[in-house]
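Asks: Okay, handing you the structure first.
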Amino acid sequence: MTDQELQQLRREKWRLDGKAIRTIEEARVFIESVGFCMMYPLRPALPLPTFIGAFVGSDQRLPTWQHAYSDPRATDATGLMVRLLREREAYEANLFDENNAFLVAASVFPYFYALVGERNPKQAPKTGSRSQYSALACDAFELIRRDGPISKQKMQEVLGGSVSLAVLDKALGELWSKLRITRVDYNTNEGSFWDVLYRWAPDAVKEGVGLSVPEALTALISKYLDCVIAVDQGELEAFFGNFVARSKVKDAVNALLAARELSFIHVSGKSMLQITPAKTPVVSSVRPALR
């Protein structure tokens, strides 16, 4: 395979070949096909599709999240993405940048939860020297659990006027990065609405809690390779290193290689990982003797 052939296969898979998604049905098919994607391009880039790219049907001159506010294409794409969230066809996670949504298909989300989510999701976070959560994050969690789904604007009012939006955003980010909460809606008047994840998606959370990290990781690696067609092992480890220790990623890759579920392919002289192609049955050319 040449690098040009690989890029063309990705463009078709990622809907960058002019076949833009415009309807909610097309959006569902896209997110289910790729498994997960960024809302906007990452800098530096990772081999990963974007929702805005699929919406535009191209990867040319796409807005980043910093410039999305002034691009009408981003406004329309966000409206379609929010519909996926409302209908629980996709989930949004804060696993790269809280300003750039990482979207995960509903069928894949439990595996991500197994990697980064809390094993006892209903237990409220606590403050302390060893806690990952600030006092404000704990207060915000209790408020969302009590009154959610709730807008950030309403949260600020209830928590007190001395709490700035920037400080509240940081507290929500602490909860979101561990999938304690999730954005479930958005409107222009009140902004984002939040709910505790175990109430919004109880089945997905229950399934994720029941999965082991190795089990979830091998499933996600296979899905990622299905999405990107073929990838350098270092790039694969860099991607999953955002969620789990790279040593665990290497172990999962080695296990899949040993099981022959993954194999190497040469792409323009570079060795890349791919899902092992299914063997084509050999059909004998010898005709059976007539009886």
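Asks: Averaged over every viewing direction, what's the projected area of the C-alpha convex hull for the range 108-194? Give it in nm², one decimal, please. Before the final figure, lay out each step's value.
Replies: Values: hull surface 25.0 nm².
Average of the hull's projected areas for the range 108-194 equals 6.3 nm².
Asks: Taking the C-alpha atoms of the range 103-149, how large are the radius of gyration and the largest Cα-Cα span, Dmax, in Å?
Replies: According to the Cα coordinates of the range 103-149, Rg and Dmax are 13.0, 37 Å.
Asks: Here's a follow-up. Quick one: plug the Kirkwood hydrodynamic radius of the range 80-238 (C-alpha pairs) into Stokes-Einstein at 4 °C, 1.567 mPa s, and report D in µm²/s.
Replies: It comes out at roughly 78 µm²/s.
Asks: Please work out the FRET efficiency for the pair Q233 and S164, using the Cβ-Cβ distance as r and a Förster radius of 35 Å; give the result to the nearest 0.05.
Replies: 0.20
Asks: Sticking with this structure for a sec: Hey, what does the equivalent ellipsoid look like for the range 3-54, semi-axes from the Cα gyration tensor as sqrt of 5 times each eigenvalue, largest first, whole Å?
Replies: 18, 14, 9
Asks: Which trypsin sites (Lys or Arg not before Pro) does the range 121-153 hold that lie in a coil by DSSP with at most 13 other beta carbons within 10 Å?
Replies: Taking the range 121-153 and a limit of 13 other Cβ atoms within 10 Å, the loop trypsin sites (Lys or Arg not before Pro) found are K122, K126, R130.
Asks: Per DSSP helix of 4 or more residues, -39500 (n - 2.57); summed, then divided by the residues of the chain. What does that give at 222 nm, rounded to the nearest 500?
Replies: When only DSSP H runs of four or more count, the value is -13500 deg cm²/dmol.
Asks: DSSP loop (so not H, G, I, E, B), at most 10 other Cβ within 10 Å: list which trypsin sites (Lys or Arg not before Pro) in the range 1-108 pass both filters.
Replies: Passing sites in the range 1-108 are R61.
Asks: Would you mind checking the tilt of helix 165-177 against the longest principal axis of the Cα atoms of the chain, expressed as 0 to 90 degrees and rounded to 10?
Replies: 40
Asks: If we restrict to alpha carbons, what Rg and Dmax does the range 24-152 come to, in Å?
Replies: Using the Cα atoms of the range 24-152, the pair Rg, Dmax is 16.5, 48 Å.
Asks: Projected onto the charge dipole of the chain (+1 at Lys/Arg Cβ, -1 at Asp/Glu Cβ, origin at the Cα centre), which of P72, L197, S58 gives the Cα projection farthest towards the positive end?
Replies: The residue sitting most towards the positive pole is L197.
Asks: Which net charge results for the neighbourhood of S107, defined as the other residues with beta-carbon distances under 12 angstrom from its beta-carbon, given Lys and Arg at +1 and Asp and Glu at -1? Walk me through the numbers on the way to the answer.
Replies: Numbers: positive: R28, R88, K223; negative: E32, E89, D203, E207.
Local net charge: -1.
Asks: List the equivalent ellipsoid semi-axes of the range 213-275 in whole Å, largest first, each obtained as the square root of 5λ for an eigenvalue λ of the Cα gyration tensor.
Replies: Details: eigenvalues 64, 32, 21 Å².
In descending order, the three semi-axes are 18, 13, 10 Å.
Asks: Another question about this same structure. What's the longest uninterrupted piece of the chain once you rule out the GluC sites (Glu not before Pro) that are loop residues per DSSP with at most 14 other Cβ within 10 Å?
Replies: Working: sites that count: E87, E190, E261.
Looking at the chain, 88-189 is the longest stretch - no exposed GluC sites (Glu not before Pro) with at most 14 other Cβ atoms within 10 Å.
Asks: Right, here's the next one. Which one of P41, T218, N242 is farthest out on the positive end of the charge dipole of the chain, using unit charges on Cβ (Lys, Arg +1; Asp, Glu -1) and the Cα centre as origin?
Replies: Highest projection toward the positive end goes to T218.
Asks: Might you report the magnitude of the Cβ-based charge dipole of the range 1-107 about its Cα centre, with Lys and Arg at +1 and Asp and Glu at -1, to the nearest 20 debye? Display every interim value, and only then the final one.
Replies: Details: 13 positive and 15 negative charges, 29 e Å.
The calculation lands at about 140 debye.
Asks: Subtracting the Cα-Cα distance from 0.36 nm times the residue separation, let me have the gained length for S177 to R73 in nm, one decimal. Walk me through the numbers before you get to the answer.
Replies: Working: separation 104, 0.36 × 104 = 37.44 nm, distance 2.73 nm.
Gain on extension, S177 to R73, equals 34.7 nm.
Asks: Considering the Cα positions of the chain, please state its Rg to one decimal place and its Dmax as a whole number of Å.
Replies: Rg, Dmax (Cα atoms, Å): 21.5, 93.
Asks: Something else about it: Compute the distance from the alpha-carbon center of the range 88-158 to that of the range 201-238, in whole Å.
Replies: 20
Read the figures in this text as sums done on the coordinates, not as results from a lab. Computed from a prediction, not measured in an experiment: that's the story for all the values here. Because the Cβ atoms are built from the backbone with ideal geometry, glycine has one as well, and the counts that use them run over all protein chains shown.
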